[in-house]
Amino acid sequence: MSATLAQTGLPSRKLEAWKYTDLRPLAALAPAAAPEIADIAALAADLPSFPGPRLVFVNGRRAASLSVPAPAGVITDLATGGDFAPFAPAPLAALNARLAQDGAAIHVPEGLDAGTLALVHLTIAEDAAPVFVHPRHRIALAAGATLTLVEYAGGRGVYWQNPVIEIMLAPGATLRHVRIQAEDRESFHTATIFVDLLAGARYDAFTLGLGARLARSECHARLGGAGAIAHLAAVQLLRGAQHGDITTVVAHDAPGCASRQTVKSVVDGRAHAVFQGRIEVARAAQKTDGYQMSQALLLSPDAEIDCKPELEIFADDVKCSHGATIGALDPEQLFYLRARGIPEAAARAMLVRAFLIDAIEAVSEAGARALLERAIDDWWEGAR
Amino acid sequence: MSAFAEPRDPIQAATEGRYKWGFETAIEMEIAPKGLNEDIIRLISAKKDEPEWLLAWRLKAFAAWRETSEPDWAKVKHPPIDYQALHYYAAPKRKPGPKSLAEVDPELLATYEKLGIPLRERAILAGVEGAGAAEVRPDIAPGVAIDAVFDSVSVATTFRETLAKAGVIFCPISEAVREHPDLVRRYLGSVVPPGDNFFAALNSAVFTDGSFVFVPKGVRCPMELSTYFRINARNTGQFERTLIIAEAGASVSYLEGCTAPQRDENQLHAAVVELVALDDATIKYSTVQNWYPGDAEGRGGIYNFVTKRGACRGARSKISWTQVETGSAITWKYPSCILQGEGSVGEFYSVAVTNHHQQADTGTKMIHLGANTKSTIIAKGISAGRSNNTYRGLVRMMPRAQGARNFTQCDSLLIGDRCGAHTVPYIESRNPSARVEHEATTSKIADDQLFYCRSRGLSQEDAVNLIVNGFCKDVLKELPMEFAVEAQKLLAVSLEGSVG
């Protein structure tokens with residue numbers, strides 16, 4: 001594998017899109033394809049507590065015994081095909097295309113509200129040898145269909161998880177996509193998500209990045225039909241020597257579309273957070289409403305944040321804006337809470353929670369919200 | 001209904017007006033052969049009677065230039081530049097000093113006329129014997145000292161004596177090399193090293209002239225200093241080198257204005273400006289750039305690839321860049337501040353206007369090294385026609401920039417649906433106590449704003465002017481009086497009525 005990696009050439013920092021994220025530690029890892037796990041039943045305890053139907057993948061392979069079937073009408077077969085438009089080149093997605101073995105193909109038929117479906121990845125690399133997994137999923141919602149997809153990634157050991165998700169939303173379809181990345185702190189997680197929205201479709205995404213030694217979540221959303229709406233919210237909580245990267249490209253190709261992005265990074269220890277977000281507005285995309293806000297909180301003197309919010313606009317009748325702020329906890333706010341008898345640690349936790357609230361609010365579905373809140377609480381507990 | 005239903009043609013006619021300052025002066029020139037090699041550099045150095053160290057410095061820069069390649073990251077497109085097809089040296093032929101204005105080359109006088117230089121100053125500029133600086137009475141009008149850069153050699157420098165009385169040195173850099181070699185040697189290349197980037201290396205190798213300003217300790221420069229940059233000879237790249245040093249407690253305001261004759265071929269301009277501010281010093285550098293932008297089809301025009309950087313070395317020092325960029329076919333320019341001294345302040349105020357096929361990729365870098373350093377960035381981009389206008393900026397908070405602060409605002413205005421407006425900010429922080437705020441917006445001139453103005457009897461053009469001037473107000477108010485007026489006129493000329 002190491003030879004393959006060297007040949008494919010993981011993107012280097014010389015590539016503008018990879019300016020702030022260095023994959024050399026990953027290249028040095030030289031992982032091999034993840035082996036099949038014999039005793040899958042023993043992994044039940046590793047699953048997130050989340051009710052309802054779920055698709056579980058262990059080391060990149062579908063684990064039917066851990067999965068709970070989806071409601072009638074929803075196809076979760078391995079069927080390939082579907083009219084997926086080719087997406088912008090992304091080096092890690094190309095690597096995935098070459099190495100992918102398994103994945104889910106989810107199809108929700110016209111007009112069906114399919115409720116909530118969980119998509120769980122567990123990667124177990126308990127031997128000393130590092131492994132890789134390249135899952136590839138395709139999700140298609142037919143006209144007017146609705147789905148809430150809760151994605152969870154976790155595992156144990158040193159591994160590289162490199163999923164690609166292709167999403168196609170037909171006119172009027174709505175996908176709520178909640179992603180919780182809670183990988184082992186020794187692992188690497190690089191996800192590439194492509195979303196194609198047709199007229200009036202809606203994509204509401206929330207990504208929580210907690211785990212991994214190095215993580216990157218890269219989302220390319222293309223608003224290809226009039227009146228489509230994309231909301232991309234993300235929170236990353238980093239500490240120790242973690243590296244977290246949230247990259248988005250929102251392409252407005254049709255008139256009258258709206259996009260909203262709210263990204264929050266909390267950086268402690270020697271961690272390094274990256275946010276790169278680009279809004280592209282094509283000539284045809286008049287009446288575009290694009291908004292992006294990225295905020296970062298640095299909690300330690302050695303923490304680092306790099307932020308690159310970009311606008312690329314070729315239409316004149318548009319309203320596009322972005323904002324970015326970087327700072328520490330406000331000492332005055334801390335003092336206010338301390339003066340009311342709240343211990344320092346609790347006061348800090350309270351302020352960080354308040355900082356995150358407008359991003360988390362994007363998740364309305366109760367089960368997903370609960371899972372999310374728990375994950376954030378656990379992270380905070382682990383900090384002390 | 002209204003205002004916006006008006007035909008666009010008369011408006012376009014107004015914007016497509018001939019380049020107002022497109023004149024060419026036929027003065028006898030002394031030109032080096034085309035091409036760039038060590039011999040040309042030796043020739044330039046010899047022509048200017050330069051000391052050995054400067055020649056060595058140039059050759060070192062040339063070696064660095066050959067090692068680097070032309071940057072390709074900016075959002076600009078142009079055919080490849082043949083650096084061997086340019087002249088690297090052109091000087092007006094020297095004549096003995098004329099006795100009166102009547103003896104001065106009428107072409108030169110006509111140039112001054114078009115530049116709007118007052119009569120008395122023309123005599124001084126043209127080197128008329130006896131036309132001394134003593135004539136200038138600052139009590140009547142605040143003096144503006146002009147170092148006219150006529151192609152590559154500073155034709156003359158005015159107000160020298162008034163400035164000398166205050167201890168300020170303001171002269172062509174070639175003269176400074178001869179008369180103040182220690183100062184030049186100490187500071188030249190200390191902010192923009194010879195090998196800094198492709199264009200800076202080129203400039204360091206072949207720069208022919210530019211301005212040198214030295215304001216000694218505690219001196220407040222008694223007048224605004226000004227240079228008119230002009231590119232005149234056909235096919236000569238112009239490589240100006242400007243060095244401004246403000247010692248502790250000193251302050252100076254420097255104005256740079258540009259006009260160039262109309263011509264067909266693209267011309268290369270790669271200037272380097274270095275500013276050094278020591279403790280409590282203040283340098284204000286203002287630019288109005290109005291070089292020939294090419295015609296409505298995008299033919300011709302100046303390539304403006306400039307490296308401008310200021311170092312706030314001393315505590316509480318301040319460097320402020322203000323620019324109004326309306327000209328040039330391509331602008332590649334990032335006036336930057338290195339905020340080293342504790343509590344030092346960097347400012348960048350910019351208006352960039354592009355029309356027709358112009359391309360501008362401009363912005364700033366604010367590198368916060370010292371504690372409690374502050375920077376402000378206000379950038380306004382206006383794109384019309386088929387032009388592309390990019391703001392590209394970097395704000396970097398280094399680990400020792402305790403309590404540092406940055407505020408950035410980038411606003412873009414699009415006029416017409418064939419143009420592009422882009423914003424590419426890089427924000428990097430390694431200090432939790434540093435605060436960075438960035439905001440950017442893109443919009444067009446709102447129909448209701450136009451309607452409001454029209455319903456109060458303003459013409460379409462006046463309404464657009466009013467709105468654009470309002471859009472740029474935060475920047476224009478930073479310009480010194482002399483420039484503010486010219487800048488407003490330029491905005492009007494560049495954009496009047498190009499409403500989408």
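Which one is surrounded by the most Cβ atoms within 10 Å (Cβ to Cβ) among residues in the range B:287-319 that are in contact with a Cys (Cβ under 9 Å, 6 or more places away or on another chain) and at pLDDT 95 or above?
Once the filter is applied, the top-ranked residue is B:Cys312.
For the range B:474-483, the condition of being within 16 Å of B:Val353 (Cβ to Cβ), free of Cβ contacts under 8 Å to residues at least 40 places away in the same chain and buried (at least 22 other Cβ atoms within 10 Å of the Cβ) holds for none of the residues. Among the numbered conditions (1) part of a loop (DSSP other than H, G, I, E, B); (2) of a type outside the set (Val, Ile, Thr); (3) touching a residue at least 40 places away in the same chain (Cβ under 8 Å), the only one that B:Pro193 does not meet is (3).
For B:Ser443, the conditions (1) at the interface with chain A (Cβ under 7 Å from one of its Cβ atoms); (2) closer than 30 Å to B:Cys312 by Cβ; (3) of a type outside the set (D, E, K, R) all hold with the exception of (2). Taking strands (runs of 3 or more DSSP E) as the structural unit, those lying wholly within the range B:401-499 and holding at least 1 residues that are of a type in the set (Lys, Arg) correspond to B:405-415, B:435-444.
When the range A:292-322 is filtered for residues that are under 22 Å from the mean Cα position of the chain (by Cα), among the polar types (S, T, N, Q) and within 7 Å of chain B (Cβ to nearest Cβ), nothing remains. For A:Ile279, the criteria (1) of a type in the set (A, V, I, L, M, F, W, C); (2) in contact with a Cys (Cβ under 9 Å, 6 or more places away or on another chain); (3) facing chain B (nearest Cβ under 10 Å); (4) assigned to a loop (DSSP other than H, G, I, E, B) hold in every case but one, which is (4).
Of all residues in the range A:239-260, those satisfying the criterion of being closer than 20 Å to A:Ile326 by Cβ, in a strand (DSSP E or B) and touching a residue at least 60 places away in the same chain (Cβ under 8 Å) are A:His243, A:Asp245, A:Thr247.
Residues that are in contact with a Lys or Arg (Cβ under 8 Å, 6 or more places away or on another chain), surrounded by fewer than 24 Cβ atoms within 10 Å (Cβ to Cβ) and among the small types (Gly, Ala, Ser) within the range A:284-314 comprise just one, A:Ser300. Scanning the range A:353-367 for residues that are closer than 14 Å to A:Ala233 by Cα and part of a helix (DSSP H, G or I) yields A:Phe355, A:Leu356, A:Ile357, A:Asp358, A:Ala359, A:Ile360. Out of the residues in the range B:374-411 that are small (Gly, Ala, Ser) and within 21 Å of the chain's Cα centre (by Cα), state the one that is nearest to A:Ala328 (Cα to Cα). Applying the filter and picking the extreme gives B:Ser375.
Of the strands (runs of 3 or more DSSP E) entirely within the range A:148-206, those holding at least 1 residues that are under 24 Å from A:Ser67 (Cβ atoms) and either out of contact with any strand residue (DSSP E or B) (no Cβ under 7 Å at 6 or more places or on another chain) or among the aromatic types (Phe, Trp, Tyr) (or both) occupy A:159-161.
Residue pairs whose Cβ atoms lie under 6 Å apart, sitting 6 or more positions apart in sequence or on different chains, and linking a residue in the range B:404-415 that is facing chain A (nearest Cβ under 9 Å) and buried (at least 24 other Cβ atoms within 10 Å of the Cβ) to a partner that is part of a strand (DSSP E or B) and of a type in the set (Lys, Arg), are B:Leu414/B:Lys444. Across the range A:282-291, the number of residues qualifying as facing chain B (nearest Cβ under 8 Å) and in contact with a Leu (Cβ under 9 Å, 6 or more places away or on another chain) comes to 0. Suppose we filter the range B:58-75 for residues that are buried (at least 18 other Cβ atoms within 10 Å of the Cβ) and assigned to a loop (DSSP other than H, G, I, E, B); how many remain? Number satisfying all stated conditions: 1.
The values are calculated or read from the model by the stated rules, or taken from the named source; none is laboratory data. As the structure is a computational prediction, the values presented were derived from the model and not from experiment. Quick reminder, even Gly has a Cβ in these numbers, built from the backbone with ideal geometry, and neighbours come from all protein chains shown.
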